[in-house]
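S.K.: Quick one: this structure, given as structure tokens, is what I'll be asking you about.
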Amino acid sequence: MRLYPEQLAQHLQAGLAPCYFIYGDEPLLKQEALDALRATARSLGFDERSRFDADPALDWDEIFSASQSMSLFSQRQIIELHLPDKLDKTASERLRELLKQCHPDLLLLITGPKLNQQQQKGAWFKALSATGPVIPVFTPDARHFGRWLTQRLQQHHLQADTEAIQWLAYAFEGNLLGVNGEIEKLALQNLPQPLTLPVLQSLVQPQHQFNPFQLFDPLLQGKVKRACRILLQLRGEGVEAGMLCHLLARELSTLQQLQLGLLSGQSFSQLAANLHVWSSRQGLMQSALARLPLAKIQQLQAMLAATDRAVAHFDDDEAWRWLHSICVGFLDERLLVITP
């Protein structure tokens with residue numbers, strides 16, 4: 001059963017499931033989901049809590065022992081288990097064994113990182129899904145961030161006009177922890193409602209936050225202005241140009257292979273399957289392929305090679321100039337005048 005963070009409060013009104021798996025890369029939503037589950041568990045008599053990390057040094061027998069033990073002070077307990085980026089075969093098997101040990105006086109709270117589609121097809125993930133709700137926690141994308149902000153303001157008995165919401169979404173994109181802290185501060189100030197743009201701009205300091213992977217969706221969509229803004233922010237956050245080169249090389253290689261396959265008469269669906277393109281990204285890839293012919297993709301690859309050379313020669317400014325030009329190059333089919 002898949003359960004989203006905004007559905008958790010209503011779900012908990014009906015009681016606790018024996019196990020919850022919270023996974024994703026959004027720290028605020030993950031922590032809030034854990035806090036809500038712990039609070040509900042405490043109200044139901046789960047007074048003891050043990051925490052384990054599923055790293056190679058973990059003694060799984062210790063978890064099994066804890067899952068069956070009861071102290072003099074509490075008959076109900078919580079076991080929290082944090083999963084690593086990758087689960088090896090032994091850990092996968094022991095986790096599935098642990099799920100079979102669930103009983104009414106034990107609550108398993110399992111957390112993990114963002115998972116790809118292949119990981120979600122694994123036996124251990126399927127076992128977790130069958131035992132209790134799985135809760136994905138991700139940063140709302142640009143399309144949904146405004147709605148999330150409106151709901152978060154309402155939780156603190158605040159309102160904001162449309163222009164103010166748009167500015168907040170721009171000023172804090174990718175940084176839920178930052179904007180939540182600012183909303184909490186605003187709630188303490190007894191400000192006139194609804195909040196307006198001038199009021200927010202006078203009280204709130206923008207705190208964008210992006211990760212390198214957020215650069216690629218707007219590039220594939222041809223949203224060059226947005227991509228360049230993310231690129232500039234990534235540089236300001238200290239992301240290395242060499243890392244972006246590596247990630248861009250992978251994206252461009254996939255686009256090249258897809259375009260070559262289409263030109264040879266193969267179907268997109270078969271090509272996407274062979275190249276392990278996630279279903280959630282196939283629409284983005286098709287959009288880019290319709291806009292970028294093979295010659296343009298190859299030019300972008302040549303520009304990326306020039307970026308790599310700049311990185312190798314420790315010419316950071318030159319590398320970032322090439323990266324900016326590559327982002328602009330995703331706009332349409334026209335070849336750029338700039339060449340390596």
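The values are calculated or read from the model by the stated rules, or taken from the named source; none is laboratory data. From a predicted model like this one, the values you see are computed outputs, not experimental measurements. Every residue, glycine as well, gets a Cβ built from its backbone with ideal geometry; the counts of neighbours run over all protein chains shown. Just the protein is used for accessible areas: all its heavy atoms, side chains included, with ligands, DNA and RNA removed. Shrake-Rupley method; radii C 1.70, N 1.55, O 1.52, S 1.80 Å.
S.K.: With an 8 Å Cα cut-off and a minimum separation of 6 or more residues, compute the relative contact order for the range 1-111 in percent.
M.R.: Numbers: 122 pairs, mean separation 39.3, N = 111.
So the answer I get is 35 percent.
S.K.: Quote to one decimal, in nm, the extra length available between Glu97 and Arg250 on full extension: 0.36 nm per residue of separation minus the C-alpha distance between them. It would help to have the intermediate numbers written out before the result.
M.R.: Numbers: separation 153, 0.36 × 153 = 55.08 nm, distance 3.77 nm.
Taking Glu97 through Arg250 to full extension adds about 51.3 nm, to one decimal.
S.K.: Does the range 1-139 classify as rounded, prolate or oblate by the C-alpha gyration tensor (a ≥ b ≥ c root eigenvalues; a/c under 1.5 gives rounded; else a/b over b/c gives prolate, otherwise oblate)? Can you show the working numbers first?
M.R.: Numbers: a/c = 1.70, a/b = 1.08, b/c = 1.57.
It is oblate, given that a/c is not under 1.5 and a/b is not larger than b/c.
S.K.: While we're on this one: Could I have the simple spin-label model distance between Leu12 and Asn116, label points 7 Å from Cα toward Cβ, reported in nm to one decimal?
M.R.: 3.4 nm
S.K.: Keeping every protein chain in place, order Trp278, Trp60 by accessible area at 1.4 Å, biggest value first, i.e. largest first.
M.R.: From most exposed to least exposed: Trp278, Trp60.
S.K.: I need to check one value: relative contact order of the range 211-303, counting alpha carbon pairs closer than 8 Å and at least 6 residues apart, in percent.
M.R.: Details: 51 pairs, mean separation 31.2, N = 93.
That works out to 34 percent.
S.K.: Considering Cα pairs under 8 angstrom that are at least six residues apart, work out the relative contact order of the range 136-212 and quote it in whole percent. Before the final figure, lay out the partial values.
M.R.: Details: 77 pairs, mean separation 29.1, N = 77.
It comes to 38 percent, rounded to a whole number.
S.K.: For the chain, set up a Gaussian network in which alpha carbons nearer than 10 Å are linked by springs, and say which option among Glu62, Glu240, Glu97 fluctuates the most.
M.R.: Sorting by GNM fluctuation, first place goes to Glu62.
S.K.: Let me ask you something else. List the aspartates and glutamates whose Cα sits under 15 Å from the Cα of Lys30, skipping any in the same chain fewer than 8 residues away.
M.R.: List returned: Glu6, Glu80.
S.K.: Sorting Arg226, Arg143, Arg334 by accessible area (1.4 Å probe), largest first, what list results?
M.R.: Details: Arg226 60, Arg143 185, Arg334 150 Å².
From most exposed to least exposed: Arg143, Arg334, Arg226.
S.K.: Here's a follow-up. Once a ≥ b ≥ c are taken as the square roots of the eigenvalues of the Cα gyration tensor of the range 105-208, is the result rounded (a/c under 1.5), prolate (a/b larger than b/c) or oblate (a/b not larger than b/c)?
M.R.: On the way: a/c = 3.30, a/b = 2.30, b/c = 1.43.
Prolate shape, in that a/c is at least 1.5 and a/b is the bigger ratio.
S.K.: Same structure, new question: Work through the residues other than Gln207 whose Cβ is under 13 Å from its Cβ and net out their charges, Lys, Arg +1 and Asp, Glu -1.
M.R.: Details: positive: Lys185; negative: Glu173, Glu182, Glu237.
Computed value for this residue: -2.
S.K.: Less than 21 Å apart at the alpha-carbon level, and either on another chain or at least 8 residues along: which lysines does that give for Lys89?
M.R.: Here the lysines satisfying the reach criterion relative to Lys89 are Lys100, Lys114, Lys121, Lys126.
S.K.: Give me the net charge for the shell around His246: Cβ to Cβ below 15 angstrom, other residues only, Lys and Arg +1, Asp and Glu -1. Mind dumping the intermediate values first?
M.R.: Details: positive: Arg250, Arg309; negative: Glu240, Glu251, Asp308.
Neighbourhood net charge equals -1.
S.K.: Which FRET efficiency value, to the nearest 0.05, is calculated for Leu260 and Asp315 with the Förster distance at 35 angstrom and r the Cβ-Cβ distance? Walk me through the intermediate numbers first.
M.R.: Numbers: r = 32 Å, r/R0 = 0.91.
Approximately 0.65, to the nearest 0.05.
S.K.: For the chain, what does the alpha-carbon gyration tensor say about shape, rounded, prolate or oblate, given a ≥ b ≥ c as the root eigenvalues, a/c under 1.5 as rounded, and a/b over b/c as prolate?
M.R.: Details: a/c = 2.33, a/b = 1.42, b/c = 1.65.
In terms of gyration-tensor shape, oblate.
S.K.: Per residue, how much accessible surface does the range 103-256 expose to a 1.4 Å probe? Answer in Å², no decimals. Don't skip to the answer; put the middle values down first.
M.R.: Working: 7470 Å² over 154 residues.
Counting only protein heavy atoms, the per-residue value for the range 103-256 is 49 Å².
S.K.: Something else now. Could you give the size of the charge dipole of the chain about its Cα centre, using +1 on the Cβ of each K and R and -1 on the Cβ of each D and E, expressed in debye and rounded to the nearest 20? Numbers along the way, then the final one.
M.R.: Numbers: 31 positive and 35 negative charges, 198 e Å.
Here the chain has a charge dipole of around 960 debye.
S.K.: Further, regarding this structure: Ordering Ser65, Ser92 by how much accessible area each has at a 1.4 Å probe, largest first, what is the list?
M.R.: Numbers: Ser65 75, Ser92 15 Å².
Per-residue accessible area, sorted high to low, gives Ser65, Ser92.
S.K.: Another one. How far apart, in nm, are the 7 Å Cα→Cβ label points at Leu232 and Asp85?
M.R.: Once both label points are built, they end up 3.1 nm from each other.
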